[in-house]
Amino acid sequence: MAVWGYVAIDKSGKEVKGSRDADNKDLALRDLKNQGLIVLELTEQNMLTKDISFDFGSKPTPRDMAVFCRQFASITRAGVTIIETLNMLADSTENKKMQKALYAVRADVEKGESFADSLAEHPAVFPELLVQMARAGEASGSLDTAMERMAIQFEKSAKTQALVKKAMIYPIVVALIAVVVVIVMLVFVIPRYMDMFEQLDTELPAITLAVVGLSNFIQNNWYIIIPVVVAAVFVIKAYAKTNSGKHVFGKLQMKIPAVKNLVVKTASAQMARTLSTLLTAGVPLIEAVDIVSDTMGNIWFKEALKSALEQIMVGVPLSQPVQTCGLFPPMVYHMMRIGEEAGSTEEMLNKLADYYEEEVEMAVQSLMAAMEPMIIIVLAGIVGILIAAVMAPMVTMYAALDNL
């Protein structure tokens with residue numbers, strides 16, 4: 001998430017300066033306009049220009065947001081005022097960043113600001129989706145219902161994210177263990193065998209020479225290898241945050257067959273669930289699609305929905321650009337088209353979300369089932385090469401002794 005410095009005119013006509021956390025410039029501009037500010041200048045800040053902050057709290061997780069929304073709905077439904085509800089929730093939350101934001105929201109509400117506008121002033125804590133749902137709930141007089149729907153939304157999102165992380169953790173952990181084992185073998189085990197190999201006074205096999213050469217290279221250049229690897233990791237992470245990097249890695253996700261299946265189904269479930277939640281709350285379709293596009297993780301899906309906005313504005317049904325973009329499965333736009341024709345888009349999207357959330361769970365299980373044998377094969381190959389490098393000279397020596 002980038003930091004954007006701004007110069008703006010507030011409601012009283014005074015010039016104000018500050019910074020805003022947002023994924024992109026358009027989202028930052030929209031957040032500032034929602035606060036009633038007239039933006040004069042908006043630029044992305046770097047390490048030298050951004051405001052110094054000592055906020056070390058972690059960003060609330062979807063699970064934290066789900067608990068907040070459900071408790072807010074339950075307490076306000078019992079007749080407790082919003083100000084007292086916010087005070088109770090701020091006192092009970094364990095996330096320091098969220099606690100600080102809730103106290104600030106309570107203070108703003110006490111001054112007369114709306115609950116939604118108060119939430120909008122803290123985009124690093126409260127997502128745009130929650131702000132819009134709160135605004136729709138306030139307008140319709142059903143804020144508790146809107147917050148309860150958001151609780152369900154965040155719970156579904158947390159479950160989907162947990163499933164995806166579960167699929168990624170296993171191969172990453174195994175890969176790290178494999179790297180550590182290989183380094184230990186090359187740095188500590190192979191050199192001990194070298195003394196014995198040198199005493200054999202025989203020509204070593206090619207595989208042994210290759211492994212020994214790699215071992216010597218690591219031992220002699222470790223002080224260069226480590227900084228290069230660390231620098232490469234930082235460069236890749238920095239590139240992944242750029243527009244070009246997001247396109248490259250996003251396309252890469254769509255090229256790997258097993259991963260593509262999971263990415264597409266996750267995006268379909270997220271799009272359907274979020275759009276259904278917004279439309280049910282009374283948010284206009286154009287604004288809802290705009291918000292949904294900002295929540296998409298893969299930039300190709302985000303741009304596809306942004307592009308769909310232009311067609312929706314001229315009266316084209318949403319199902320048509322969703323189909324022509326070629327990213328979503330046929331069931332998505334077929335179900336959307338049926339909902340549009342029957343006047344039950346929200347209901348169809350809800351059913352679509354339920355279906356693809358189950359599909360995501362099955363895709364995760366299939367991905368893990370496919371990865372396990374692949375990882376075993378790769379590890380067996382690495383261990384086999386190291387064992388062969390150690391055993392080959394011994395076999396050669398025993399063969400030479402048999403010929404005497």
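The values are calculated or read from the model by the stated rules, or taken from the named source; none is laboratory data. Remember, it's a predicted structure, so these values are computed and weren't measured experimentally. Heads up, the Cβs are rebuilt from the backbone with ideal geometry, glycines too, and the neighbour counts pull from every protein chain shown. Protein only, heavy atoms only, side chains kept; ligands, DNA and RNA dropped before computing areas. Shrake-Rupley method; radii C 1.70, N 1.55, O 1.52, S 1.80 Å.
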Excluding residues fewer than 8 positions from LYS302 in its own chain, the aspartates and glutamates with Cα under 16 Å of it are ASP23, ASP26, GLU128, GLU287, ASP290, ASP294, GLU310
Could you tell me the ratio Rg/Rh of region 216-321? Both radii from Cα atoms, Rh via Kirkwood.
1.21
For region 53-123, which GluC sites (Glu not before Pro) pass both filters: DSSP loop (anything but H, G, I, E, B) and at most 16 other C-beta atoms within 10 Å?
GLU94
Before anything else, pin down the relative contact order of the chain: Cα pairs under 8 Å, at least 6 apart, normalised by residue count, whole percent.
14
Scoring region 98-146 by relative contact order with C-alpha pairs under 8 Å, at least six apart, yields a percentage of 27
Please label the shape of the chain as rounded, prolate or oblate, based on the square roots a ≥ b ≥ c of the eigenvalues of the alpha-carbon gyration tensor (a/c under 1.5 means rounded; beyond that, a/b larger than b/c means prolate, else oblate).
prolate
Can you pull the one-decimal nm distance between simple spin-label points at LEU176 and SER19, each 7 Å off the Cα toward Cβ?
2.9
Where a ≥ b ≥ c are root eigenvalues of the Cα gyration tensor, a/c under 1.5 meaning rounded, otherwise prolate if a/b exceeds b/c and oblate otherwise, region 62-140 counts as rounded
Judged on accessible area alone, 1.4 Å probe, highest first, TYR223, TYR6 line up as TYR223, TYR6
Entries in LYS97/LYS237; LYS111/LYS306; LYS96/LYS251; LYS96/LYS246; LYS33/LYS351; LYS97/LYS159 that, when Cα-Cα distance is taken, lie over 29 Å
LYS111/LYS306; LYS96/LYS251; LYS96/LYS246; LYS33/LYS351
Near LYS165, which aspartates and glutamates are there with a Cα under 20 Å away, not counting those fewer than 8 places off in the same chain?
ASP64, GLU155, ASP354, GLU357, GLU358, GLU359, GLU361, GLU372
In whole percent, how big is the carbon plus sulfur part of the accessible area of the chain, probe 1.4 Å, protein atoms only?
62
Which residues make up the longest stretch of the chain that has no trypsin sites (Lys or Arg not before Pro) in a DSSP loop with at most 16 other Cβ atoms within 10 Å?
112-404
Output the relative contact order of region 22-181, whole-number percent, from Cα pairs under 8 angstrom with separation of 6+ residues.
26
